[in-house]
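Novice: There's a structure below that I have some questions on.
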Amino acid sequence: HKTFFKHCNVYCDGSSLGNGTAGARAGYGAYFENEPENNISERLKVGAQTNNRGEIEAVSSALDKIWNNLTEQKDKTNYKIKTDSEYVAKLLNDRYGSYSEEDLRTLPNADLAVPMVKKYAKVKKYYEINKDSFSNNGDFSIEWVKGHSGHEGNDMADELARGGAAKP
């Protein structure tokens, strides 16, 4: 009996139409390579309508989807999140484990960043606990990719984010 291992890159992006203006509209997108049914394209519903908030919410909603897939599907997938937000990548890779509750509350956009950090920690822990079920030994991480550099997955996430920002 051989376990079937799947791998899926998840590209996340935020967008803000009119970023920095009073009438700005932000959205977020997540492009699941080879799993189009999981793609996300939504309007940012709360707070300042900025690119950064869209980036955070894109990763946060991708983590929700990843969590559901890991806990509800028999075939386990090695997900890898890719973002062009250096802030999000650094926050999750370098710092998430060393932050106290107090540190987290002082983060910029804490209303969105804190839940994202907690979701990331939960998914990371799931991979660690179930590492024998994954071909990559449960290594879960987020990778920074250069934005707007002609990378198909990143361009797709950007399109989904812009589509989300355009929603009513």
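The values are calculated or read from the model by the stated rules, or taken from the named source; none is laboratory data. On a predicted model such as this, the values are computed, not experimentally measured, just so you know. A quick note on method: Cβ atoms are made from the backbone with ideal geometry, for glycine too, and the neighbour counts reach across all protein chains shown. To get the accessible areas, we keep the full protein, side chains included, count just its heavy atoms, and leave off ligands, DNA and RNA. Shrake-Rupley method; radii C 1.70, N 1.55, O 1.52, S 1.80 Å.
Novice: Identify, by number, the condition in (1) assigned to a helix (DSSP H, G or I); (2) of a type outside the set (Ser, Thr, Tyr); (3) in contact (Cβ under 8 Å) with a residue 12 or more places away in the chain; (4) over 25 Å from Gly163 (Cβ atoms) that Asn78 doesn't meet.
Specialist: With respect to (1) assigned to a helix (DSSP H, G or I); (2) of a type outside the set (Ser, Thr, Tyr); (3) in contact (Cβ under 8 Å) with a residue 12 or more places away in the chain; (4) over 25 Å from Gly163 (Cβ atoms), Asn78 is out only on (1).
Novice: Let me ask something additional. Looking only at segment 32-55, count every residue that is touching a Phe, Trp or Tyr at 6+ places or on another chain (Cβ under 8 Å) and part of a helix (DSSP H, G or I) and tell me the total.
Specialist: Residues that pass the stated criteria total 4.
Novice: Hey, another quick one. Would you point out which residue out of Asn154, Asn109, Asn137 is over 22 Å from Leu44 (Cβ atoms) and not hydrophobic (A, V, I, L, M, F, W, C)?
Specialist: Selected residue: Asn137, the only one of Asn154, Asn109, Asn137 that is over 22 Å from Leu44 (Cβ atoms) and not hydrophobic (A, V, I, L, M, F, W, C).
Novice: Turning to a different aspect of this structure: Of the residues Ala26, Ala113, Ala62, Ala48, which single one is open to solvent by 10 Å² or more (accessible area, probe 1.4 Å) and either among the hydrophobic types (A, V, I, L, M, F, W, C) or over 24 Å from Asn137 (Cα atoms) (or both)? Spell out how you get there, then give the answer.
Specialist: Working: Ala26 fails: open to solvent by 10 Å² or more (accessible area, probe 1.4 Å); Ala113 fails: open to solvent by 10 Å² or more (accessible area, probe 1.4 Å); Ala62 fails: open to solvent by 10 Å² or more (accessible area, probe 1.4 Å).
After ruling out the rest, the residue left standing is Ala48.
Novice: Next question, about the same structure. Tell me, yes or no, whether segment 4-13 has at least one residue that is open to solvent by 30 Å² or more (accessible area, probe 1.4 Å), farther than 22 Å from Arg162 by Cβ, basic (Lys, Arg) and not in a strand (DSSP E or B).
Specialist: No - not one qualifying residue is present in segment 4-13.
Novice: Out of Glu42, Glu72, Glu86, Glu101, I need the residue that is within 14 Å of Leu160 (Cα to Cα) and open to solvent by 20 Å² or more (accessible area, probe 1.4 Å). Which one? Quick ask: steps written out before the conclusion?
Specialist: Working: Glu72 fails: within 14 Å of Leu160 (Cα to Cα); Glu86 fails: within 14 Å of Leu160 (Cα to Cα); Glu101 fails: within 14 Å of Leu160 (Cα to Cα).
Just one listed residue meets the conditions, Glu42.
Novice: For the subset of segment 146-168 comprising residues that are open to solvent by 20 Å² or more (accessible area, probe 1.4 Å) and of a type in the set (A, V, I, L, M), which member is farthest from Gly29 (Cα to Cα)?
Specialist: Per the criteria, the residue is Ala166.
Novice: Among the residues in segment 122-138, are any closer than 30 Å to Thr21 by Cα and modelled with pLDDT of 90 or more?
Specialist: no
Novice: Working only within segment 100-133, note down all residues that are closer than 18 Å to Glu55 by Cβ, without any contact (Cβ under 8 Å) to a residue 60 or more places away in the chain and outside any helix (DSSP H, G or I).
Specialist: Correct list: Leu107, Pro108.
Novice: Moving to a separate point now. Might you let me know whether segment 61-74 holds any residue that is under 12 Å from the mean Cα position of the chain (by Cα), touching a residue at least 24 places away in the same chain (Cβ under 8 Å) and assigned to a loop (DSSP other than H, G, I, E, B)? Explain how you work it out, then say what you get.
Specialist: Within segment 61-74, the subset under 12 Å from the mean Cα position of the chain (by Cα) is 61-67.
With touching a residue at least 24 places away in the same chain (Cβ under 8 Å) added as a condition, the list becomes 61-67.
Among the residues that remain, those that are also assigned to a loop (DSSP other than H, G, I, E, B) are: none.
Among the residues of segment 61-74, not one is under 12 Å from the mean Cα position of the chain (by Cα), touching a residue at least 24 places away in the same chain (Cβ under 8 Å) and assigned to a loop (DSSP other than H, G, I, E, B), which makes the answer no.
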